[in-house]
Structures are given as structure tokens and as C-alpha cells.
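The values are calculated or read from the model by the stated rules, or taken from the named source; none is laboratory data. Bear in mind the structure is a predicted one, so any value in this text is a computation, not a measurement. Heads up, the Cβs are rebuilt from the backbone with ideal geometry, glycines too, and the neighbour counts pull from every protein chain shown.
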Amino acid sequence: MTATAGRPFHAAVTGFGMVTAGGLGVADTWQALLAGAATADHVPELAGMPVDFACRAERFDGDALLGRRTAWRLDRVTQMAMVATNEALELAGLDPAEWDGERVGVVLSSALGGVATWERESDRHREHGPGMVSPLLIPMAAVNMTAGHVAAAHGARGPNFAPATACASGATALGAARELLRADLCDVVIAGGTEAPITPLVAASFAKMGALSGRTDDPGTASRPFDATRDGFVLAEGASVLILERPDHARARGARAYAHLSGYGAAADAGHPTRPDPEGAGAELALRAALRDAGLAPGDVDHVNAHGTSTPLNDAVESLVIRRVLGDRPAVTSVKGVTGHCLGASGAHEAVAATLSLHHQVVPPTAHVAELDPEVGVDVVVDKPRRLQMSTVVSHSFGFGGQNAVLAFTRA
């Protein structure tokens, strides 16, 4: 994807909300990231599975947070996004009762949608016949329905969609949201990603392909991006939502911008369906496109919030791309040591982390790195947070299908 001609467009990030294994809300998650907390643990849903642990948002209770009357008709994937949206709107100081809904868009992504609902209703169909399948199956499970439910809850009548680019989905959503603002189609866009994939079928599939860590004896430290002994990712759930605004709209209402989303690039590997290109060709194209879009040079990048999945292939290829394009100057971290891999929500989690890093001028450590892989060759932040003067952060997101998306954030 090539950059749009003209001056860089700086979308204002005025609010954000999170539901992660690290905590319920932005403050708790940020503290967990700074502490390098261990969040993965054995979960009942996966009992008896070859890999029986995951990063679950233990404090999340949809009934309590949304009310049972609302929560019962929503898959967990949508419940988490609704709660994250509420937090983001509150932080942004936006009251949906007062906005022009036709100028408010929603772009919320998921890699898998309401997979728990699909599995449950499939079991009912097989065991009890078609008469027992819920009429709410499709509205609860379809990938686009989270965006639809959020729009309905807040009267957002602008563009509404859910780009599906596997584990790059959250980042793709933010890039698409920024384009709506740049084109003056919206003043405000609610954007991000959500995922609730901790189910037996999903876990079995990832385990069968060898993508998951097998550290069942020590799940807490199993997600260890860039570590020499990394052996796979840890499946996770969560949602992160950001409020993006046209800069003139944010200024007019006196809103605080925590950072600017200033660049977006996307490209395809056009190769293997699950393995990254061994030379990182698509990732490099996306990174360079994001920098061009933002009017930045490689030497302007102070920090990379890496995709950093804790898989042997991803971390090796990603570090190769960082070295080739950015050199060894930027401080690199992956938050997946704490959050686990939330698939379609990961890019949105990392966008919030990038925003907070710029706002607080601190880089969280990459959790659980006992021995940094000597082949990585980049400046990975480990052990403790690093104070760092930053003006530019790039956030990488890559996914099955050869999907690559990169976001460039600049200091407000």
C-alpha cells in the first residue's frame, strides 16, 4: 500500500480502552506491562488439551460490566470490545448523546469473530438437531457484528466495517480508520480489535500446527519474545479500542491528544499461508510505506513495538527487518510476554502501548527474556522499563495469509 500524496495526516489519539490478561482497563494493563507480569495460566476451557494454558482476562465479567440483559445476546468477543469502547470514550471526553452520529465511524476487527458461539452451537446442532440452534448464532458470531453492536450502542451512523487480516487486523482497522478521517468522511472513528479465541477447537488447531508454546510446566513465562529458548506463542483474549479524531475536530473541542497516528503501511508477502517470508519482504514494504506516509526517515524512529510473537520464525524475521531498515538504534519491545497473542486484537493492544510509551516517555520491558537470542541483533528492552526520549514509535503487526501492517505514531 502506497502513501497518499500530500502532507502527512496526523490523526489525534484522544482516548483508549483495554481488556487484557494484564488487567481490566488501561491503567492496570499498563502497570502489568511495566512490571513484565506473568499472566498465562492453565484454564478450565482447555483442560485435557495438549496445550492447556492461555492468557485469559480473568477479571472480565460481561454480565457485571454490561448488565446481563445486554451481555446474554453478545459473544465474549463483542462484550470485551463494548467495555473497552466505554473506557475509551470516557477518557476522550466524548458523549455520544451530543455528537453528530453521521460523522462518527466504527472500524473494529477480529481474526475469528465469535468462535466460542460457533463451537457451542455446532455442538448443539450435532447433539440435539437443528431445532436447538440459537437464532442469535450469526448475529453473535459474525466478524462484523462487533462493529455493528458498538455503533448501535452509541449512535455512530458513519462508515462501519471490520477488516479481517488475521493477526494484523487490529492494526489494519486503525490504518483504515485514519483514512476515513483523512478523507474527511468522519470526525471521530472508534477503532481497534477484539478476540476471544480460548476454545478447545482453536487451541487444538494452533497446537497441531506447532504454533503454541508447549511449556505446560511453566505457563507463566511461556511467552518470551526474542528469547533464545522461545518455542511458540501463548493464546490470549482481549480487546483494545482507540478513539481517533481529525486534529481540527479534537482542537475545536479542547480534547487532549495523547499521540498522533501519523503513518500507515500495508503489504503482502504473497507467499506461504502461515510462515512469514524468510527475508521479511512484505514486512519491510509495510514499514517503509508507513514511514513515507508519515514523512519520516528510518533514523527518526526511536522505538519499535514489535509483533514479537515468541515464535522462532517471527522473531527472527522481524529482527532482520528492523536491522535492515532501522538499524540497531531503536529500542525494541514486545508486549506479548504479558498479554499473550490476542490474534486480531494484538495490533490494537500494541497501538495503545505505543501511545502510552510516547505519552509517558518510557518503554515497557519484553517479559520473561532469560537469555536474549544472540541472532536477534537489535536493542531489545528487558528486565525493567527504560526511560527514553521519544518522538516516533512504529508498531508492527503481521498475520497469516502474508498480511503485514505497520503504524507510525508521533508525539503529540
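Observations
- Number of the exception - Gly263 against (1) touching a residue at least 40 places away in the same chain (Cβ under 8 Å); (2) in a loop (DSSP other than H, G, I, E, B); (3) not polar (S, T, N, Q): (2)
- Condition check for Ser205: modelled with pLDDT of 95 or more, closer than 30 Å to Ala151 by Cα, surrounded by fewer than 24 Cβ atoms within 10 Å (Cβ to Cβ) and polar (S, T, N, Q): no
- Residue in the range 201-216 that is of a type in the set (S, T, N, Q) and in a loop (DSSP other than H, G, I, E, B) present: yes
- Ser122 fulfils the conditions (1) within 30 Å of Gly93 (Cβ to Cβ); (2) surrounded by fewer than 16 Cβ atoms within 10 Å (Cβ to Cβ); (3) of a type in the set (S, T, N, Q) except for a single criterion, (1).
- Every condition in (1) in contact with a strand residue (DSSP E or B) (Cβ under 9 Å, 6 or more places away or on another chain); (2) free of Cβ contacts under 8 Å to residues at least 40 places away in the same chain; (3) small (Gly, Ala, Ser) is met by Gly299 except one, and the failing one is (1).
- Taken over the range 1-54, residues that are within 27 Å of Phe409 (Cα to Cα), at pLDDT 95 or above, not β-branched (Val, Ile, Thr) and not in a helix (DSSP H, G or I) amount to 15.
- Among helices (runs of 4 or more DSSP H) entirely within the range 56-144, having at least 2 residues that are closer than 18 Å to Gly344 by Cα and under 20 Å from the mean Cα position of the chain (by Cα) singles out 76-92, 115-128.
- The residue list Gly282, Gly232, Gly295 contains one member that is at pLDDT 95 or above, on the phi > 0 side of the Ramachandran plot and under 20 Å from the mean Cα position of the chain (by Cα), which is Gly232.
- Residue match in the range 127-139 (condition: touching a residue at least 24 places away in the same chain (Cβ under 8 Å), under 30 Å from Glu98 (Cα atoms), of a type outside the set (S, T, N, Q) and in contact with a Gly (Cβ under 6 Å, 6 or more places away or on another chain)): no
- The sole residue among Gly337, Gly377 that is more than 18 Å from Ala40 (Cα to Cα) and assigned by TED's automatic domain parsing to the domain that holds Asn314 is Gly377.
- Within the option set Leu261, Leu244, Leu296, being surrounded by fewer than 21 Cβ atoms within 10 Å (Cβ to Cβ), over 30 Å from Leu212 (Cβ atoms) and of a type outside the set (Phe, Trp, Tyr) holds for one residue only, Leu296.
- Evaluation of Asp277 against (1) free of Cβ contacts under 8 Å to residues at least 60 places away in the same chain; (2) not assigned by TED's automatic domain parsing to the domain that holds Thr194 (one fails), failing number: (1)
- Comparison of Ser319, Ser357, Ser310 shows that the only residue that is closer than 21 Å to Phe16 by Cβ, hydroxyl-bearing (Ser, Thr, Tyr) and not assigned by TED's automatic domain parsing to the domain that holds Ala57 is Ser357.
- Among (1) in contact with a helix residue (DSSP H, G or I) (Cβ under 7 Å, 6 or more places away or on another chain); (2) buried (at least 23 other Cβ atoms within 10 Å of the Cβ); (3) touching a residue at least 60 places away in the same chain (Cβ under 8 Å) - the single one Ala286 does not satisfy: (1)
To keep it simple, each residue is scored yes or no on (1) under 16 Å from Trp30 (Cβ atoms); (2) assigned to a helix (DSSP H, G or I).
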position: Ser319; (1), (2): no, yes
position: Arg329; (1), (2): no, no
position: Val338; (1), (2): yes, yes
position: Val352; (1), (2): yes, yes
position: Thr355; (1), (2): yes, yes
position: Gln389; (1), (2): no, no
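- Being surrounded by fewer than 23 Cβ atoms within 10 Å (Cβ to Cβ), closer than 19 Å to Leu313 by Cα, assigned by TED's automatic domain parsing to the domain that holds Ala164 and of a type outside the set (Phe, Trp, Tyr) holds for only one residue in Ala270, Ala228, and it is Ala228.
- Unmet requirement for Glu375, which otherwise passes all of (1) part of a loop (DSSP other than H, G, I, E, B); (2) touching an Asp or Glu at 6+ places or on another chain (Cβ under 6 Å): (2)
Each row is one residue, and each column tells you yes or no for (1) more than 28 Å from Arg256 (Cβ to Cβ); (2) modelled with pLDDT of 95 or more; (3) of a type outside the set (S, T, N, Q).
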site: Pro330; (1), (2), (3): no, yes, yes
site: Thr333; (1), (2), (3): no, yes, no
site: Val338; (1), (2), (3): no, yes, yes
site: Cys342; (1), (2), (3): no, yes, yes
site: Pro364; (1), (2), (3): no, yes, yes
site: Leu372; (1), (2), (3): yes, yes, yes
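- Filter result for the condition that a residue is hydrophobic (A, V, I, L, M, F, W, C), surrounded by 24 or more Cβ atoms within 10 Å (Cβ to Cβ), in contact (Cβ under 8 Å) with a residue 40 or more places away in the chain and at negative phi, over Val378, Val393, Val362: Val393
- Residues located in the range 273-283, provided they are surrounded by 21 or more Cβ atoms within 10 Å (Cβ to Cβ) and among the polar types (S, T, N, Q): none
- Unique match (being of a type in the set (Asp, Glu) and touching a residue at least 40 places away in the same chain (Cβ under 8 Å)) among Asp75, Asp95, Asp28, Asp61: Asp75
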